[in-house]
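Undergrad: Below are the structure tokens for one structure; questions will follow.
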Amino acid sequence: MSTDDKSKKMADEYGMKAKEAMDKVTDEQPPEVKERVDKVQNAVEKTIDSAKDAVS
């Protein structure tokens with residue numbers, strides 16, 4: 001396994017753990033807070049997708 005592969009695997013695992021932690025925190029919030037968090041997460045995901053498209 002190359003260094004790039006190891007780095008990507010570590011980043012993917014970290015991202016999954018971070019998402020799990022955020023989901024846990026979000027689940028403990030009132031519904032109106034969940035809605036705001038969902039809107040922000042969707043905006044961030046769109047931004048990431050746009051950046052990936054621009055780079056490729």
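Undergrad: In square angstrom, rounded to the nearest 10, how much accessible surface does ASP23 have for a 1.4 Å probe?
TA: We get 50 Å² for ASP23.
Undergrad: In nm, what is the difference between 0.36 nm times the number of residues separating ASP27 and ASP5 and their Cα-Cα distance?
TA: Details: separation 22, 0.36 × 22 = 7.92 nm, distance 3.27 nm.
Going from the current span to full extension adds 4.6 nm.
Undergrad: Where Rh is the Kirkwood radius over the Cα pairs of the chain, the temperature 37 °C and the viscosity 0.692 mPa s, what D in µm²/s does Stokes-Einstein return? Could you put the intermediate results ahead of the total?
TA: Values: Rh = 13.3 Å.
Calculated translational D: 247 µm²/s.
Undergrad: Using the basic label-point model (7 angstrom from Cα toward the beta carbon), what is the ALA54 to LYS39 distance in nanometres?
TA: So the label points at ALA54 and LYS39 sit 2.3 nm apart.
Undergrad: Given a cut-off of 28 Å, name the pairs among LYS19/LYS46; LYS9/LYS46; LYS6/LYS34 whose C-alpha atoms lie farther apart than that in the structure shown. It would help to have the intermediate numbers written out before the result.
TA: On the way: LYS19/LYS46 16 Å; LYS9/LYS46 22 Å; LYS6/LYS34 34 Å.
Where the Cα-Cα span goes over 28 Å, the pairs concerned are LYS6/LYS34.
The values are calculated or read from the model by the stated rules, or taken from the named source; none is laboratory data. What you see is a predicted model, and the numbers here were worked out from it, not measured in a lab. All Cβ positions, even for glycine, are placed from backbone atoms using ideal geometry, and neighbour counts span all protein chains on display. These area figures cover heavy atoms from the full protein model, side chains too; ligands, DNA and RNA do not enter into them. Shrake-Rupley method; radii C 1.70, N 1.55, O 1.52, S 1.80 Å.
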